[in-house]
Amino acid sequence: MTRFILGIDTSCDDTGVGLVECLPGGGVAVRANRVWSQTVHAQYGGVMPELASREHVERIDSVVGEALKEAGLSLRDLGAVAATSGPGLVGALLVGLMYGKGLAQALGVPFYAAHHLEGHIYAAASEEALEPPYLALVVSGGHTHLFDVAREGEYQLIGATKDDAAGEAFDKVARLAGLGYPGGPAISEAALRGDPDAVPFKEPLRGQTGYDFSFSGLKTAALLASRAGAKPDDLAASFQRAAVHTLVKTTVRAAEALGRTTVVVSGGVAANRALRRAFGATGLRVVFPGQGLNTDNGAMIALAGAAAIRAGRAPSPLGVGAQAYAPLAG
């Protein structure tokens, strides 16, 4: 049995390396999770792809070393290597993907190319055992997807954003309010001081029969409110409440329609305290990733690798390439 799996994620601007241990009986335990978060992009208000790739090249070897040290392991202890192959920034993806394939080949162990969104979903497996069926809401800076998971490894996309991802909207609203980057933590903190009733936001896609999301209208309304003189803290509190409301309401409606009682909520926005409180009040069993596993990281990719091994999937060919666009489900 493969015991220790190393996972690498360089899909965007975080160099993530994690190690998980496969336990007897099918359980998993995160032994290490090291993330180097790039700060060079703050001055641009968003991720610069070329700079991200260079940062990954400079940092990945040291982050792998830190993860092994944290876990108390050496390269010889590894039984498999997993790395994100997509979706993401191609140049950034290639750094981790090529490093992972080279490491696996040098060690003579299996290599697994992992889907970034599947990694986010399996990040919740670090806290509780996930047994289908359940819904999975992946909500981050680049993704807002709602999946129905009827069986292990099978995903049906039932809802997605029609425009901006939720995390992207948080970044843009924080930027126009002068709250800094990244926008998620900045808005969360400012909202604690603001009045959520100060700026009226209309509910996106109200009355829809499906389970899609939209944040461009909220972003435009925030821009107009800012120009009209709304205080940054009030704008943050009002926007956060509107964004959280649409995420929770749509997910709960899908759960009721499909008869799902468990919902996995993952991705960077899943760290938002207001979102967690709102989901906690739904009566559903809601599973969030453990500490440090909401944002992009390598442990979630190692967890996805562990799931692939548990399911009996064959290792990936070393010729697998990076994909900027890689749907998890149709």
Fluctuation leader among Gly86, Gly194, Gly72 - the chain, Gaussian network, Cα springs under 10 angstrom: Gly72
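Got a sec? How would Val47, Val320, Val199 order by Cβ neighbour count within 10 Å, fewest to most?
On the way: Val47 20, Val320 15, Val199 23.
In increasing order of surrounding Cβ atoms, one gets Val320, Val47, Val199.
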Net charge of neighbours whose Cβ lies under 13 Å from the Cβ of Ala254, counting Lys and Arg as +1 and Asp and Glu as -1: 0
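Arrange Ile187, Ile8, Ile60 by Cβ neighbour counts within 10 Å, fewest through most, would you? Working shown, then result.
Working: Ile187 28, Ile8 31, Ile60 22.
Fewest-to-most Cβ neighbours within 10 Å comes out as Ile60, Ile187, Ile8.
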Exposure proxy order (Cβ contacts within 10 Å, fewest to most) of Leu75, Leu293: Leu75, Leu293
Choice from Arg260, Arg193, Arg276 with maximal GNM fluctuation in the chain (Cα, 10 Å cutoff): Arg193
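Where the eigenvalues come from the Cα gyration tensor of region 131-287, what are the semi-axes √(5λ) of the equivalent ellipsoid, largest first, in whole Å? Present the calculation step by step, with values, prior to reporting the outcome.
On the way: eigenvalues 155, 42, 37 Å².
Ellipsoid half-lengths, sorted descending, are 28, 14, 14 Å.
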Degrees separating the helix 232-258 axis from the principal Cα axis of the chain, which is the longest one: 70 degrees
The chain, dipole about Cα centre (Lys/Arg Cβ +1, Asp/Glu Cβ -1), debye to the nearest 20: 360 debye
Relative contact order (%) - criterion: Cα under 8 Å, at least six apart; region: the chain: 25 percent
Positive-end extreme of charge dipole, region 131-287 - chosen from Gly280, Phe213, Ala228 (charges on Cβ): Ala228
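Bear in mind these aren't lab numbers, they're just calculated from the coordinates by the rules spelled out. From a predicted model like this one, the values you see are computed outputs, not experimental measurements. In this analysis, Cβ positions are derived from the backbone assuming ideal geometry, glycine residues included, and neighbour counts consider all displayed protein chains.
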